[in-house]
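Okay, so here's the structure we're looking at.
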Amino acid sequence: MKNRIIKIIVLGLFTGLGFVSCDDFLDKQPITEYNLEQLFATEEGAETVLNGLYARLAGPGYYGSSWHGMVNPHSGRMFSNQSVTADATGLNCSTSNRWLEDLWPAMYGTIEQANIVIDNMENSNLANKDFVLGQAYLIRGIVYFDLVRLFGGVPIKNEPTSLDNLNKPRASKSEVYDLILSDLDRAKDLLPEDFSNYRSDRPLKWAAIGYKAKVYMQLAGEDGGNPALWQNAYDEAIQVYTKYSLHPNYGNMFLSSGWNENTAEAIFELQYDHFGNIRNSDRIRMYTPSNSTFNIGFNTFGWVRPNKEIYDQHNTQYPGDPRIAATFIWGSFPRATGGNTNIYPTIRNGANGFAVIKKWFDTSYNGTTTAKNFTLFRYADLLLMLAEIENELNGPDNAYQYVNLVLTRARNSAVPAAAQPTNWAAMTQDQFRDRIMKERQYELLSEGQDWFDARRRGFNYFLNNTIIPHNSHPTINVGNSDYLYPTTDRAMLLPILNREIANNNNMSPSDQNPGY
């Protein structure tokens with residue numbers, strides 16, 4: 001192995017694990033070199049490298065911070081009053097956006113570490129070879145799936161970086177999807193079916209199969225609803241149907257930490273309690289308002305909030321839905337220094353003219369670290385996927401069973417059970433199609449699906465269900481924290497990082513996405 005590769009891996013190993021402040025996330029220089037052969041010579045060493053891979057995925061450059069700072073506001077469903085992300089919040093993301101400069105290299109840093117694991121474990125004789133290797137393939141497939149949906153075609157790097165392969169050209173979307181499906185197939189074959197002999201906080205083969213269903217759903221939307229792709233999605237998703245179950249109480253899934261984590265609903269959950277005293281997440285303070293009783297005395301910002309129409313849509317569709325109280329704070333919240341801060345809908349303008357996302361409050365947050373996990377894929381998502389897929393293939397008659405499980409859990413999350421949301425019945429295929437997309441919004445808001453769900457049905461869907469409802473909201477006040485969204489298809493993709501195009505000898509300005 002080249003020394004360069006050895007140095008790269010250090011950024012994701014041991015006490016560093018890639019978790020530093022957002023400003024110097026990419027600037028830390030390794031001070032020690034480790035022998036990869038020694039690391040991969042033992043089961044413990046291989047698990048240590050795998051932990052570094054998870055640290056990359058969960059770290060501040062990716063799901064720990066940048067995702068919430070830029071991708072969620074750019075979804076069209078959320079607002080951020082952070083000045084450095086104003087362009088993304090207004091769906092006019094620049095090619096040098098501050099969060100984009102963290103996200104792109106963090107995603108490729110995660111891929112690099114996955115490549116190192118794969119390269120060193122493929123011919124290993126360790127007892128945990130399949131388990132470690134399967135997770136590396138799963139994570140690499142997930143990262144490329146994020147990349148291709150956010151940016152379109154991207155450079156494919158499927159081996160450890162060396163001087164000979166440092167610069168890769170932009171691949172086509174189909175080439176990226178081929179790699180994703182191949183990686184997920186490898187993960188499916190390698191990962192176990194249950195936790196009989198493995199740690200219970202890592203994903204099983206069903207996670208890989210569920211992600212394959214997501215890939216085929218995405219491809220079906222991009223291909224104008226190809227029935228063969230919807231059938232592929234069903235064939236994958238139905239395998240996962242009996243492997244998990246819904247947590248009995250919706251709101252309890254988002255309590256600070258403890259018994260509500262790694263439940264039977266979790267298909268793939270990032271474990272934030274493994275990172276000790278190392279800064280491991282800015283997610284908590286991004287959503288938690290400053291000077292509130294929710295931040296228990298630590299510095300929080302409350303930058304990222306739901307758009308007004310997003311709160312209104314849920315409250316109008318299902319008044320009294322227990323998920324509303326579990327998802328939002330609205331009207332006002334108590335200040336740590338006494339009294340209350342009024343917010344939407346009491347206040348309609350300015351930064352406080354928005355409700356607050358409640359899901360990511362954390363009473364264990366100490367200003368630096370959190371033990372609160374982040375679930376990338378849960379069973380309710382799978383059930384809503386099955387409902388959507390079945391409706392596309394055969395209409396709604398056999399699709400109600402899946403969505404009604406989610407709705408029943410929502411009602412029963414209150415004591416006594418709430419009247420809303422009522423079970424579905426007597427819909428046309430078109431009505432079901434429209435409602436299931438909204439149901440995903442109500443159930444999964446801020447959980448990493450919003451950007452994709454808003455766009456995967458194509459630009460006309462994005463225009464009519466995201467842009468126009470936002471721009472026509474009766475209390476929109478452009479220039480006073482609100483943004484008027486552009487009505488072009490530019491925001492269907494994020495821009496390729498300008499620095500990548502400038503520094504990659506195999507890319508040119510013509511590789512930039514349309515409109516940037």
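The values are calculated or read from the model by the stated rules, or taken from the named source; none is laboratory data. Computed from a prediction, not measured in an experiment: that's the story for all the values here. All Cβ positions, even for glycine, are placed from backbone atoms using ideal geometry, and neighbour counts span all protein chains on display. With ligands, DNA and RNA removed, areas are computed over all heavy atoms of the protein, side chains included. Shrake-Rupley method; radii C 1.70, N 1.55, O 1.52, S 1.80 Å.
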Restricted to the stretch 159-172 and to residues being of a type outside the set (A, V, I, L, M, F, W, C) and open to solvent by 80 Å² or more (accessible area, probe 1.4 Å), the residue farthest from ILE111 (Cα to Cα) is ASP164
In this structure, is ARG98 surrounded by 17 or more Cβ atoms within 10 Å (Cβ to Cβ), modelled with pLDDT of 95 or more and charged (D, E, K, R)? no
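Considering each residue of the stretch 453-465, count those that are part of a helix (DSSP H, G or I), open to solvent by 10 Å² or more (accessible area, probe 1.4 Å) and not basic (Lys, Arg), and give that number.
Qualifying residue count, the stretch 453-465: 6.
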Which listed residue, of TYR216, TYR234, TYR211, is open to solvent by 40 Å² or more (accessible area, probe 1.4 Å) and in a helix (DSSP H, G or I): TYR234
Is one or more of the residues making up the stretch 58-66 part of a helix (DSSP H, G or I), aliphatic (A, V, I, L, M) and surrounded by fewer than 24 Cβ atoms within 10 Å (Cβ to Cβ)? no
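Suppose the filter is at pLDDT below 95, crowded, with 19+ Cβ neighbours inside 10 Å and assigned to a helix (DSSP H, G or I); does THR110 pass it? Working first, answer last.
Numbers: at pLDDT below 95: no; crowded, with 19+ Cβ neighbours inside 10 Å: yes; assigned to a helix (DSSP H, G or I): yes.
Spelling it out, it is not the case that THR110 is at pLDDT below 95, crowded, with 19+ Cβ neighbours inside 10 Å and assigned to a helix (DSSP H, G or I).
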Those residues of the stretch 176-207 which are crowded, with 20+ Cβ neighbours inside 10 Å and of a type in the set (A, V, I, L, M) amount to VAL176, ILE180, LEU184, ALA187, LEU190, LEU191, LEU204, ALA207
Take the stretch 280-307 and flag every residue that is within 23 Å of TYR442 (Cβ to Cβ), open to solvent by 10 Å² or more (accessible area, probe 1.4 Å) and among the charged types (D, E, K, R). ARG305
Filter the stretch 258-275 for residues that are open to solvent by less than 50 Å² (accessible area, probe 1.4 Å) and part of a loop (DSSP other than H, G, I, E, B); the one that is modelled with the lowest pLDDT is GLY258
Taking the stretch 402-448 and keeping residues buried (at least 19 other Cβ atoms within 10 Å of the Cβ) and either of a type in the set (S, T, N, Q) or without any contact (Cβ under 8 Å) to a residue 12 or more places away in the chain (or both) leaves SER413, GLN441, SER446
What's the number of the only condition in (1) open to solvent by less than 10 Å² (accessible area, probe 1.4 Å); (2) more than 17 Å from the chain's Cα centre (by Cα) that ILE156 fails to meet? (1)
List the number of the failed condition for GLY479; all other conditions in (1) within 24 Å of PHE354 (Cα to Cα); (2) open to solvent by less than 20 Å² (accessible area, probe 1.4 Å) hold. (2)
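So, MET253, is that one aliphatic (A, V, I, L, M) and open to solvent by 10 Å² or more (accessible area, probe 1.4 Å) or not? Spell out the reasoning first.
Values: aliphatic (A, V, I, L, M): yes; open to solvent by 10 Å² or more (accessible area, probe 1.4 Å): yes.
Yes.
Listed here are the residues, each with its yes/no results for (1) of a type in the set (Phe, Trp, Tyr); (2) touching a helix residue (DSSP H, G or I) at 6+ places or on another chain (Cβ under 8 Å); (3) at pLDDT below 95; (4) part of a helix (DSSP H, G or I).
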{"site": "PHE19", "(1), (2), (3), (4)": "yes, yes, yes, no"}
{"site": "ASP23", "(1), (2), (3), (4)": "no, no, yes, yes"}
{"site": "PHE79", "(1), (2), (3), (4)": "yes, yes, no, no"}
{"site": "CYS93", "(1), (2), (3), (4)": "no, yes, no, no"}
Check the stretch 317-340 and report whether any residue there is of a type in the set (Asp, Glu) and either open to solvent by 10 Å² or more (accessible area, probe 1.4 Å) or in a strand (DSSP E or B) (or both). no
